[in-house]
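Remarks on the structure that follows.
Just so it is clear, none of the values below were taken in a lab; they were calculated from the coordinates. Owing to the predicted nature of the structure, the values given are computational and were not obtained by experimental measurement. Neighbour counts run over all protein chains shown; Cβ positions are idealised from the backbone, glycine included.
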Amino acid sequence: VTTMLLANKDLEVDAEGFLKDAAQWDESVAEAIAREAGIAALTERHWLVVKFMRERFLSTGTAPSIRTLGKESGVPIKELYQLFPKGPAKLAAKIGGIPKPKGCI
Amino acid sequence: MKRIVILGAGTAGTIMANRLRRLYRRDVRAGRIIITVVDQDDRHVYQPGLLFVPFGTYRSGDILKPRQKSLPRDVWYVRAAIERVAPEENTVYLADGTTLDYDVLIVATGSRIVPQETEGLTGPGWRDKVFDFYTPEGSAALAEKLASWPGGRLVVNIVEMPIKCPVAPLEFAFLADAFFTAKGIRDKVEVVYVTPLDGAFTKPVASQALTHLLAEKRIRLVTEFSAGRVDGVAGELVSWDERVEPFDLLVTVPLHMGAEFVSRSPGLGDDMGFVLTDPQKLQAKVKPNIFALGDATNVPASKAGSVAHFQAEILTENVEAYLAGRPLPAAFDGHSNCFIETGHGRALLIDFNYDVEPLPGKFPFAFGPLSLLKESRLNHLGKLAFRWVYWHLLLPGRELIGIPTRMSMAGKVPTEPQMRHVPIKEMQP
């Protein structure tokens, strides 16, 4: 098990830096992961997506796809790519402290 | 009396019907077990053959057979669309208003392309300069186009993962290179491979080898490109972050989703319509008497016929145990085994599972070892012979000589530094 020191906490993470335990997450952890990924500050729009993602995962057990995010999070897909460059679903999951969404096999 | 209902009579559903019918031969004859297979049409497509249709190697008639020809006679075949599954009632509702009750349900309804999900993809230019090759109609239309196409900029694009047979778009690019070379117009064609992945393929060692092959064949690679919209009139493929790839001919692998009824069945699928499935036991998360295999599941294995074949052996054991009231004994390891056509009569072979990525080396085989991750003539002959194997050994659910259900490390050469793959346990929430 790899641990990573972020926001003054020892966090258990996988090989790509996704939290292993969603319960270790809080807003300061989210901000620290975002900075590591090159997002200097999380705006209200970032939070809208990150919280939607996290809540959907905690209630259903799976992370929503990019298409669901675009339809239901309140942020259209195009803006998602501006907020979370290259891979919005993957990056928002990482910042939200939930496992990497499946799909890339 | 026990009722087993199989939804879907494609590769996975047909293999399961044949295996279960063989396992329960006496019970089926005596009426103690009734196996019912449901499909909405009677056209079984040999899907690996779709790749060869655009280049005239096969015609679409060569890859189609009636579904019933590959199913046992004493299995019921219901031709109907599926409305929904009601897990609480153990009932399947069909679109014609009838219902089927089951003791065990096996979902094998595969995945389908949904080009309408990408803006402009099926608009002006569809099947004129924008084509798919994942349907018999699409691949036949593309064959007609390629026969007279004078050349230009050919863009091969994957809209989003996961897709069926993740190597097929690469094979298409390789075969296009060979096709235009043979026609003497290779210098008039620019082939561009545009993918949402960060490399040619998902797994690091194979990705490196395949990236090298693309370069060798003068195919340009564009990575991390998430297709947002298509303008078929202007000939532009545009990403969500506004990068533009112009094309004279676009060959798209559209978004894939599971069967529509999955989303209408409470708790059965994820938001793409793939059945939420335990990756080892192949049991649906929603209820213990529902199982799923093949392209229909959300397990992190390739959506490929070889996977359906290996899963079917595991699932047969688990269904038998379930009906006998025993704990499920068998666990699927994610084994996948694929030939990759590289053109000019050669092919690669890759063999991998949930935890071990495709590695170079030799694959021990009945007629002599096959080269892993390296082009050879024998691999190509293996791929062509596979059409016969598919109809006569694979669909009937027979063992394939020399290809074990669980992946073996024999002959594989671990590369240094070995890039670690995230084990399956960590990928599950």
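Of the residues B:VAL155, B:THR118, B:PRO166, the one whose Cα sits farthest towards the positive end of the charge dipole of region B:46-171 is B:VAL155 (charges of +1 on Lys and Arg Cβ, -1 on Asp and Glu Cβ, taken about the Cα centre). Computed about its Cα centre, the charge dipole of chain A is approximately 500 debye, with only Lys, Arg, Asp and Glu carrying charge at their Cβ. A cut-off of 5 Å between modelled amide H atoms, ignoring neighbours fewer than 5 places along the same chain, links A:LEU6 with A:LEU11.
Within region B:302-414, the proportion of C-alpha pairs whose separation exceeds 18 Å stands at 53%.
Only bridges whose two residues both fall in region B:53-194 count here: according to DSSP, what percent of them are antiparallel, nearest 5?
50
Between B:PRO266, B:PRO358, B:PRO48, the Gaussian network model of chain B with springs among Cα atoms under 10 angstrom shows the greatest mean-square fluctuation at B:PRO266. Overall shape of region B:77-140 was characterised from the C-alpha gyration tensor. The equivalent ellipsoid obtained from it has semi-axes of 35, 13, 11 Å, in decreasing order. Phi angles across region B:330-345 convert, under the Karplus curve 6.51 cos²θ - 1.76 cosθ + 1.60 with θ = phi - 60°, into 3J(HN,Hα) values of 10, 10, 7, 9, x, 4, 9, 9, 9, 7, 10, 5, 10, x, 6, x Hz, Gly and Pro given as x.
In this simple spin-label approximation, B:GLU137 and B:ASP241 carry label points 7 Å from Cα along the Cα→Cβ vector, and these lie 3.6 nm apart. Counting only alpha carbon atoms, the long axis of helix B:377-389 and the longest principal axis of chain B meet at about 40°. Per residue of peptide B:382-388, the mean number of Cβ atoms on other chains within 10 Å of the residue Cβ is 0. Once you have a ≥ b ≥ c as the square roots of the Cα gyration tensor eigenvalues for the protein assembly as shown, tell me rounded if a/c is under 1.5, and otherwise prolate or oblate according to whether a/b is larger than b/c. Here the protein assembly as shown falls in the rounded category.
Note on chain B: Rg/Rh from Cα positions, Kirkwood definition for Rh, rounded to two decimals, is 0.96. Split chain B at each of the GluC sites (Glu not before Pro) in a DSSP loop with at most 14 other beta carbon atoms within 10 Å, and the longest piece is B:243-398.
Counting only DSSP beta bridges with both residues in chain B, the antiparallel share comes to about 45 percent. Taking the C-alpha atoms only, the angle from helix B:11-23 to the longest principal axis of chain B is near 30 degrees.
The mean count of C-beta atoms from other chains within 10 Å of the C-beta of residues in A:61-67, rounded to a whole number, is 5. When +1 charges are put on Lys and Arg Cβ atoms and -1 charges on Asp and Glu Cβ atoms, the dipole computed for the protein assembly as shown relative to its Cα centre reaches about 1740 debye. Looking at the protein assembly as shown, what % of its DSSP beta bridges pair antiparallel, to the nearest 5? Taking every DSSP beta bridge with both residues in the protein assembly as shown, the antiparallel ones total about 50 percent. With the simple spin-label model, which puts each label point 7 Å out from Cα in the Cβ direction, the B:THR223 to B:THR181 separation comes to 2.4 nm. Using C-alpha pairs under 8 Å with a sequence gap of at least 6, the mean separation divided by the residue count of region B:129-220 gives a relative contact order of 28 percent.
Taking only the Cα atoms of region B:23-89, the radius of gyration and Dmax are 16.6, 49 Å.
For region B:31-111, which trypsin sites (Lys or Arg not before Pro) are both in a DSSP coil and crowded by at most 15 other Cβ atoms within 10 Å?
Qualifying residues, ordered by number: B:ARG32, B:ARG43, B:ARG59, B:ARG73.
The modelled label-to-label distance for the pair B:THR57/B:TRP388, using points 7 Å beyond Cα in the direction of Cβ, is 1.7 nm.
Given a Förster distance of 56 Å, report the FRET efficiency between A:ARG35 and B:GLU119 from their Cβ-Cβ distance, rounded to the nearest 0.05. Don't skip to the end; give the middle numbers.
Numbers: r = 33 Å, r/R0 = 0.60.
Working from the Cβ atoms, E equals 0.95.
When shorter helices are ignored and each DSSP H run of at least 4 residues is given -39500 (n - 2.57), the per-residue value for the protein assembly as shown at 222 nm works out to -8500 deg cm²/dmol.
The dipole here belongs to region B:153-298: it is taken about the Cα centre, uses +1 on the Cβ of Lys and Arg and -1 on the Cβ of Asp and Glu, and is about 440 debye. Computed from Cα positions, the angle between helix B:204-216 and the longest principal axis of chain B comes to roughly 40 degrees. For chain A, the Cα gyration tensor yields ellipsoid semi-axes of 21, 15, 12 Å (square root of five times each eigenvalue, largest first, whole Å). Note on B:THR405 and B:ARG22: the extension gain reaches 136.0 nm, defined as 0.36 nm multiplied by sequence separation minus the Cα-Cα distance.
A Cα-only calculation for region B:351-402 places Rg and Dmax at 12.4, 31 Å. With a 10 Å cut-off around each Cβ of B:160-169, the average count of Cβ atoms from other chains is 2. Using a ≥ b ≥ c from the Cα gyration tensor of region B:240-374 (square roots of the eigenvalues), is it rounded, prolate or oblate, where a/c under 1.5 gives rounded and otherwise the larger of a/b and b/c decides, a/b for prolate? Verdict is oblate for region B:240-374.
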